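*Asks:* Starting off with a structure, shown below.
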Amino acid sequence: MKLVIKNLTKTYKNGVKAIDDLSIEIGTGMFGLLGPNGAGKSSLMRTIATLQSPDSGIITFGDIDVLEDNMSLRKVLGYLPQSFGVYPKMSAEELLDYFATLKGISNKVERKAIVKEVLEITNLYEVRHKNVAGYSGGMKQRFGIAQLLLNNPKLIIVDEPTAGLDPAERQRFLNVLREVGSNCTVIFSTHIVEDVKELCNEMAILNGGKILKHATPQQATKELENTIWTKIIEKDDLEENMKLYNVLSRNFNPNNTLNIRVHAVVRPSDDFVVSAPQLDDVYFIALKQDEPVLTS
Ligand SMILES: Nc1ncnc2c1ncn2[C@@H]1O[C@H](COP(=O)(O)OP(=O)(O)OP(=O)(O)O)[C@@H](O)[C@H]1O
């Protein structure tokens with residue numbers, strides 16, 4: 001089912017315009033919403049999840065008018081907020097059984113079956129008797145996915161789920177999400193470019209409440225072929241190079257030199273080498289193009 005957002009706008013009482021006349025269509029599959037802190041990702045996701053109202057705009061999911069009919073959307077929605085709050089001292093199995101009751105699954109046998117299924121999908125079956133409060137960060141995030149799967153959602157929204165996870169936990173989490181996302185619409189927000197690269201078949205870059213780029217990660221990187229150049233420079237020459245070229249990113253080498261990546265349609269000078277474009281380049285270019293132009 002397709003999620004369609006048209007001309008969505010939200011200004012908070014303090015005057016911050018968190019969503020700025022945003023329009024986008026999102027189909028089935030893993031959709032990555034990439035943007036820096038404060039870009040408006042959580043505001044957009046909370047609005048789609050019907051937890052806050054926009055000032056104006058339209059959201060539909062299939063034939064559900066999301067803003068007019070919150071209840072119909074909530075029946076098909078699985079939402080994992082940025083922080084889930086405090087967990088009670090209950091085992092994962094007990095807690096999921098409790099959530100399943102709240103979600104209206106009154107038949108005990110049916111409940112047991114679905115709880116077992118979601119524990120298995122999220123690789124938590126072995127630790128089902130442990131208290132969720134004592135789980136590691138990654139296990140808690142996977143538990144978050146387990147709870148949202150209980151009502152077999154068609155639209156899944158997960159808000160920055162990999163923030164703070166160690167590399168192994170992050171990988172486990174992404175694997176779970178990959179499996180879950182194969183037959184529904186998953187919107188996944190992150191400020192980590194690598195998450196989108198590994199997981200998403202489609203992505204948007206968001207900043208200032210606006211969509212700066214909407215493409216597949218492959219398309220977006222392909223578009224930049226033959227426009228990304230690298231050069232090794234001395235640390236002290238960085239400032240000069242920043243003035244001369246459109247420097248997207250820089251990495252320190254152990255010997256105190258720097259690798260700079262530059263965006264330019266033609267080779268900026270003879271000492272630059274062409275480089276295969278990466279998704280990071282796409283991200284930095286989108287954000288740079290969004291910067292206000294200073295005129296003197
Ligand atoms: N309830 C609120 N009241 C006032 N301003 C808010 C509120 N929630 C968010 N904002 C502001 O709106 C802007 C967008 O915030 P939002 O949380 O949606 O961004 P985000 O991309 O999710 O960032 P983060 O990764 O930091 O959560 C920010 O400037 C933020 O300070």
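The values are calculated or read from the model by the stated rules, or taken from the named source; none is laboratory data. This is a predicted model, so every value here is computed, not measured. As a convention, Cβ positions derive from the backbone with ideal geometry for all residues, glycine included, and neighbour counts pool all protein chains shown.
*Asks:* Every residue in region 146-205 that is part of a loop (DSSP other than H, G, I, E, B) and within 16 Å of the ligand (Cβ to nearest atom), please.
*Replies:* Glu160, Pro161, Thr162, Ala163, Gly164, Leu165, His191, Ile192
*Asks:* Oh, and also: Identify all residues within region 1-43 that are in contact with a Lys or Arg (Cβ under 7 Å, 6 or more places away or on another chain) and assigned to a loop (DSSP other than H, G, I, E, B); write none if there are none.
*Replies:* Within region 1-43, Met1, Gly27, Gly35 meet the criteria.
*Asks:* Take Glu120 and decide whether it is within 16 Å of Leu148 (Cβ to Cβ), in a helix (DSSP H, G or I) and assigned by TED's automatic domain parsing to the domain that holds Ala163.
*Replies:* Yes; evaluated as a whole, the condition is true for this residue.
*Asks:* May I pose another question? Which one of the conditions (1) under 30 Å from the mean Cα position of the chain (by Cα); (2) assigned to a strand (DSSP E or B) does Lys231 fail to meet, given that it meets all the rest?
*Replies:* Condition (1) is where Lys231 drops out.
*Asks:* For region 239-277, which positions are aliphatic (A, V, I, L, M) and part of a strand (DSSP E or B)?
*Replies:* Residues satisfying the conditions are Val247, Leu248, Leu258, Ile260, Val262, Val273, Val274.
*Asks:* Yes or no: Leu80 within 16 Å of the ligand (Cβ to nearest atom) and either surrounded by fewer than 18 Cβ atoms within 10 Å (Cβ to Cβ) or among the aromatic types (Phe, Trp, Tyr) (or both)?
*Replies:* Taking the combined requirement at face value, the residue does not satisfy it.
*Asks:* I need the full set of residues from region 20-51 which are crowded, with 16+ Cβ neighbours inside 10 Å and either within 8 Å of the ligand (Cβ to nearest atom) or not assigned by TED's automatic domain parsing to the domain that holds Pro81 (or both), in order please.
*Replies:* Gly35, Ala39, Gly40, Lys41, Ser42, Ser43, Leu44, Met45, Arg46
*Asks:* Which members of region 1-19 meet the condition of being hydrophobic (A, V, I, L, M, F, W, C), in contact (Cβ under 8 Å) with a residue 60 or more places away in the chain and within 12 Å of the ligand (Cβ to nearest atom)?
*Replies:* Ala18, Ile19
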